[in-house]
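Let me begin by presenting the structure, written as structure tokens, before commenting on it.
The values are calculated or read from the model by the stated rules, or taken from the named source; none is laboratory data. Everything numeric in this text was worked out from a predicted model, so none of it was measured. Note that we place each Cβ from the backbone using ideal geometry, even for glycine, and neighbour counts take in every protein chain shown. Surface accessibility is based on the protein's heavy atoms, side chains included, excluding ligands, DNA and RNA. Shrake-Rupley method; radii C 1.70, N 1.55, O 1.52, S 1.80 Å.
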Amino acid sequence: MSAVNFNNSYASLPETFYTKQNAEPAPAPQWIKANTELAQALGIDTAFLTSNAGLDMASGRTAPDGSNPLAMVYAGHQFGGWSPRLGDGRALLLGEVIGTDSIRYDIQLKGSGRTPYSRGGDGKSAIGPVIREYIVSEAMAALGVPTTRALAAVTTGETVIREIPLPGAILTRVAQSHIRVGTFQYFYSQNDKASLLALANYVIDRHYPEAQNAENPVQAMYKGIVTRQAKLIALWMKFGFIHGVMNTDNCQIAGETIDYGPCAYMDTFHPMKVFSSIDQQGRYAWGKQPHMAHWNLSRLGEALMPIWGNDDDTAVAEISAELDTFSDTFNENFYAAFAQKLGLPELTQKTASFLETTFEALQNNKIDFTLFFAHLRRSHDPIYQEKFITLFETPEAAGMWLSQWDAIKAKSGITASDSQEAMDAANPIYIARNHRVEAAIQAGVAGDYKPMDDLHNILQAPFTQQSGAGDYELAPLDTEVVQQTFCGT
């Protein structure tokens, strides 16, 4: 019996959905990190994962029993421009396992070599993007944000050429799905109604089983996807997360954050903050993410038209009606999240303007987004109240905001303990700060994984004050500010 109970239900779909192939075996793999806690949740033998046999699996040297490696095909709008054929250019879906929660999870190698979808690339990954995705995806999971996970990271013993020669690496990624909006778009653009229907049925069976008994299962599936995306983006906004490359091929249908390329967390607040080096127009700025998710979902609606099951006029009306629910769901979750961050029971129409006032105060005073809320939750302590006040350009500006906050809290009737409990649960003290991630990457390039380990360990309890971790709270110094992040492909 295999140490990993693999199968691959995606391989049961028609061959137009993928190309079967094995990974390019890494010549001299070594561990960067293995996630034994996640392995246990997936029902994977941790002794196997950390063994030489586990290293062989994570480096593409062996395809374990029951796995059926394949590269998935999809299309996508990239920064608004249509690409009719993308696909897994440097990744292979090994197969799936059933977790201890009875949910089916994909296990994928990322950086495992060329596929038919590599578009001239080498199909490999440098160590930097692997370290970034490991740290940030696991940090997102600890924050409670739906996300892909990192099961393992290894070096390959090869050098890959980007701007400079860098050590090669492979990430073993776990997700409820690697199906994207772009997967539906691919078959829509091919006028392949049969494949569209097969894909929709697969997604319904696996991810939206409640849609099976609906009058229109495709509509019910779409409604579920819209709802999950709206809730996901509200969580990104809550923690100041900027995905950086919200193309339709990076919009996952199970509602998880996927593809941590040029992602970042805001330091100094600005609603139009962008880090991605390739987002020259600010298309995917922090404040634009809800609009871009809506745009992606409208592209999904278009792709579902041929299998919607009604005449075109009815289909358009029903798709539009489901898409219209995005704004309500997003706003409900967004305002609930920021009410919690502010220690308020809710943000009503009357008090929602205070959130705008708060954002203006953050922007005008050039305040670090995470520190603002982390200090606020501890402002009952005179030390942190002083730290909170010094975030503002003047004590008067801080006093004005605090007096408004106190007045709104008093009118809301929330108890001090309930307000505190809300803020403690919503405002992390530690996030995967860009300069910390960059420092971990630079150390990893040199073969030192201690900064990565230290950062990862702290980020597993982001809401809890940890002794000796004060430096990890801090905003970057001017000399440490990361201005741009990169895809690394």
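The relative contact order of the range 37-152, computed from alpha carbon pairs under 8 Å that lie at least 6 residues apart in sequence, is 19 percent.
Note on the range 303-460: semi-axes of the ellipsoid equivalent to its C-alpha gyration tensor, largest first and rounded to whole Å, are 36, 29, 14. Across the accessible surface of the range 305-346, with the other protein chains kept in place and a 1.4 Å probe, carbon and sulfur atoms take up 44 percent. Carbon-plus-sulfur accessible fraction, the range 1-143 (probe radius 1.4 Å, protein heavy atoms only): 46%. Here's how it looks for Ala75: its modeled amide H is under 5 Å from those of Leu86, Thr183, Gln185, Tyr186, which are all 5 or more places away or on a different chain.
Highest mean first, the peptides 134-147, 291-304, 391-404 sorted by other C-beta atoms within 10 Å per residue fall in the order 134-147, 291-304, 391-404.
How compact is the range 1-156 by the rule of thumb for globular proteins, expressed as Cα Rg over 2.2 N^0.38 Å?
Values: Rg = 15.4 Å, N = 156, 2.2 N^0.38 = 15.0 Å.
Against the empirical 2.2 N^0.38 Å value, I get 1.03 for the range 1-156.
As a size descriptor, the averaged projected area of the C-alpha convex hull of the range 378-489 was calculated at 9.7 nm². The label-point distance for Val482 and Ala47, in a model that sets each label 7 Å from Cα toward Cβ, rounds to 3.8 nm.
Once the Cα atoms are used to define both axes, helix 416-426 deviates from the longest principal axis of the chain by about 30 degrees. When +1 charges are put on Lys and Arg Cβ atoms and -1 charges on Asp and Glu Cβ atoms, the dipole computed for the range 240-346 relative to its Cα centre reaches about 660 debye. Each 10 Å bin from zero up to the one holding the largest Cα-Cα distance in the range 15-74 carries the following percent of pairs: 21, 43, 30, 6. Ligands, DNA and RNA left out, the 1.4 Å accessible surface of the range 425-487 is 52% carbon and sulfur atoms.
Among 377-383, 223-229, sorting by the average number of other beta carbon atoms lying within 10 angstrom of each residue, highest first, gives 223-229, 377-383. In the full protein context, the chain carries 40 Å² of accessible surface per residue, based on a 1.4 Å probe and ignoring ligands, DNA and RNA. The charge dipole of the range 1-112, taken about its Cα centre with unit charges on the Cβ atoms of Lys, Arg (+1), Asp and Glu (-1) only, comes to about 320 debye. Backbone amide hydrogens, once placed in the peptide plane, bring Arg180 within less than 5 Å of Ile253, excluding anything fewer than 5 places away on its chain.
Using 21 Å as the Cα-Cα cut-off, could you pick out the over-long pairs in Lys341/Lys366; Lys341/Lys411; Lys350/Lys411; Lys193/Lys231; Lys231/Lys387? Cα-Cα > 21 Å for Lys193/Lys231; Lys231/Lys387; rest within. Stretched out straight at 0.36 nm per residue, the stretch from Asn364 to Gln465 would grow longer than its current Cα-Cα span by 33.5 nm. The residue among Val130, Ala194, Thr155 whose Cα reaches farthest toward the positive pole of the charge dipole of the range 115-200, with charges on the beta-carbon of Lys, Arg, Asp and Glu, is Ala194. The modelled label-to-label distance for the pair His270/Lys450, using points 7 Å beyond Cα in the direction of Cβ, is 3.7 nm. Applying the criteria of a DSSP loop state and at most 14 other Cβ atoms within 10 Å to the GluC sites (Glu not before Pro) of the range 199-290 yields Glu215.
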